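Student: First the structure, which I've put down as structure tokens, then a few questions once you've had a look.
The values are calculated or read from the model by the stated rules, or taken from the named source; none is laboratory data. Predicted model, so just to flag it, every value in this text is computed and none were measured. Cβ sites come from the backbone with ideal geometry, for glycine too, and all protein chains shown count toward neighbours. To get the accessible areas, we keep the full protein, side chains included, count just its heavy atoms, and leave off ligands, DNA and RNA. Shrake-Rupley method; radii C 1.70, N 1.55, O 1.52, S 1.80 Å.
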Amino acid sequence: MDEPAAPSGEGGLVRLRLEVSYDGTEFFGWAKQPDRRTVQGLLEDALWKQPPGRSVPRSVVVAGRTDTGVHATGQVVHVDVVPFGPGEGGRLPLDEHGIPDLDRMRHRWNRILPGDVRVLGARVAPPGFDARFSAMRRHYRYQVSDAPWGADPLRRRDTLAWNRPLDVDALNAASEDLLGLNDFAAFCKQREGATTVRELQRFSWERAEPHLLVARVSADAFCHSMVRSLVGALLMVGDGRRSRTWPAEALRAAERTSTVAPAHGLTLVGVDYPSDDELADRAARTRAVRTLGLGG
């Protein structure tokens with residue numbers, strides 16, 4: 001579990017917001033694990049090696065954990081750090097929070113990090129910001145090639161090769177039936193004590209190129225394996241092996257489907273947050289809803 005972190009400024013800590021991108025191919029997912037290469041593990045290592053991360057009292061907190069093989073272009077994390085006192089920064093210029101120049105620090109972190117993970121942006125977070133609980137929605141993209149020869153070699157790391165022609169109209173019709181606030185138990189890997197109620201806000205498909213299809217999926221939050229299970233089920237509709245109504249019937253029956261699409265086609269592309277003055281309220285409401293067992 002991510003450790004809860006104090007809001008920016010509480011307990012003498014300053015909260016930083018980082019935007020992160022990574023190729024998930026060679027990672028065992030986001031979450032730190034002993035003796036395994038993970039995004040969280042490498043990112044925390046880089047933060048510790050350069051100020052202000054020399055005093056990071058808690059783990060970084062992520063907007064959306066990604067599984068083994070899943071990519072991200074718009075991941076958001078926060079980390080609380082102990083600011084420098086007067087004169088502690090040495091040659092590093094400090095801002096009013098006692099934090100060194102974060103543009104300079106971003107360059108230093110990226111020199112430490114391997115090429116398959118990058119810190120794209122870093123700034124002091126506004127009061128009340130929580131990367132996970134302040135989020136309003138997450139956006140994912142899933143790419144599929146239905147070319148008879150498979151995926152383009154340059155896209156093999158982020159595009160699924162599907163050896164059957166896909167009908168975009170059938171995909172969109174079946175996807176529309178799943179929108180809204182529902183119990184997605186049929187499309188989630190069960191976790192004891194965790195709710196599977198989610199609001200699916202967007203699920204659409206387009207043929208971006210003659211043999212390349214792109215699914216765009218957005219929700220307030222996603223349970224474990226939800227996006228890949230939705231995509232896997234819809235691909236069976238798109239190639240004609242299942243009826244258009246089958247995914248909605250599975251949703252209503254709440255019986256776990258076994259059609260989970262491979263991880264490498266999935267990318268987290270963005271996270272939405274409310275305005276700065278609503279961040280704390282959003283985090284409090286999200287936590288309360290989860291406690292009641294009704295939300296993400």
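A quick yes/no check of all residues on (1) touching a helix residue (DSSP H, G or I) at 6+ places or on another chain (Cβ under 8 Å); (2) modelled with pLDDT under 95:
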position	(1), (2)
88	no, yes
91	no, yes
96	no, yes
101	no, yes
113	yes, no
129	yes, no
138	no, no
141	no, no
145	yes, no
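Student: Sticking with this structure for a sec: With respect to residue 38, is the statement that it is under 13 Å from residue 117 (Cβ atoms) and at pLDDT 95 or above true? Talk me through it step by step, then tell me what you get.
Tutor: Numbers: under 13 Å from residue 117 (Cβ atoms): yes; at pLDDT 95 or above: yes.
Answer is yes for this residue.
Student: Here is a further query. Going by what's in this entry, would residue 134 be described as under 30 Å from residue 41 (Cα atoms), modelled with pLDDT of 95 or more, of a type outside the set (A, V, I, L, M, F, W, C) and in contact with a helix residue (DSSP H, G or I) (Cβ under 8 Å, 6 or more places away or on another chain)?
Tutor: yes
Student: Which members of the stretch 186-244 meet the condition of being touching a His at 6+ places or on another chain (Cβ under 9 Å) and among the basic types (Lys, Arg)?
Tutor: Answer for the stretch 186-244, where residues must be touching a His at 6+ places or on another chain (Cβ under 9 Å) and among the basic types (Lys, Arg): 189, 191, 202, 216.
Student: Okay, moving on. Could you list all residues from the stretch 215-225 that are in contact with an Asp or Glu (Cβ under 7 Å, 6 or more places away or on another chain) and outside any loop (DSSP other than H, G, I, E, B)?
Tutor: Passing the criteria: only 219.
Student: Checking the condition under 19 Å from the mean Cα position of the chain (by Cα), on the phi < 0 side of the Ramachandran plot and at pLDDT below 95, which residue from 59, 55 passes? Steps first, please.
Tutor: Values: 55 fails: under 19 Å from the mean Cα position of the chain (by Cα).
Answer to the check: 59.
Student: When the stretch 1-30 is examined, which residues are found to be open to solvent by 20 Å² or more (accessible area, probe 1.4 Å) and either closer than 17 Å to residue 121 by Cα or modelled with pLDDT of 95 or more (or both)?
Tutor: Residues satisfying the conditions are 17, 19, 21, 23, 25, 26, 28.
Every residue, every condition in (1) hydroxyl-bearing (Ser, Thr, Tyr); (2) in a loop (DSSP other than H, G, I, E, B); (3) at pLDDT 95 or above; (4) buried (at least 19 other Cβ atoms within 10 Å of the Cβ), yes or no:
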position	(1), (2), (3), (4)
157	no, yes, yes, no
164	no, yes, yes, no
175	yes, no, yes, yes
189	no, yes, no, no
198	no, no, no, yes
203	no, no, yes, yes
213	no, no, yes, yes
227	no, no, yes, yes
232	no, no, yes, yes
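Residue-wise test of (1) touching a strand residue (DSSP E or B) at 6+ places or on another chain (Cβ under 6 Å); (2) touching a residue at least 60 places away in the same chain (Cβ under 8 Å); (3) not charged (D, E, K, R).
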position: 155; (1), (2), (3): no, no, no
position: 161; (1), (2), (3): yes, no, yes
position: 180; (1), (2), (3): no, no, yes
position: 203; (1), (2), (3): yes, no, yes
position: 219; (1), (2), (3): yes, yes, yes
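Student: Can you give me the number of residues within the stretch 116-155 that are among the basic types (Lys, Arg) and open to solvent by 70 Å² or more (accessible area, probe 1.4 Å)?
Tutor: Of the residues in the stretch 116-155, the ones among the basic types (Lys, Arg) are 118, 123, 132, 137-138, 141, 155.
Within this subset, residues satisfying the condition of being open to solvent by 70 Å² or more (accessible area, probe 1.4 Å) are 118, 123, 155.
Count: 3.
Student: Name the pairs whose Cβ atoms lie under 8 Å apart, with the first residue in the stretch 101-118 and closer than 12 Å to residue 19 by Cα, the second among the β-branched types (Val, Ile, Thr) and assigned to a helix (DSSP H, G or I), and 6 or more positions between them or separate chains?
Tutor: Partner pairs satisfying both residue conditions: 117/39.
Per-residue answers, yes or no, for (1) β-branched (Val, Ile, Thr); (2) more than 22 Å from the chain's Cα centre (by Cα); (3) farther than 25 Å from residue 246 by Cα:
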position	(1), (2), (3)
148	no, yes, yes
160	no, no, no
163	no, yes, no
171	no, yes, no
176	no, yes, no
179	no, no, no
184	no, no, no
190	no, no, no
195	yes, no, no
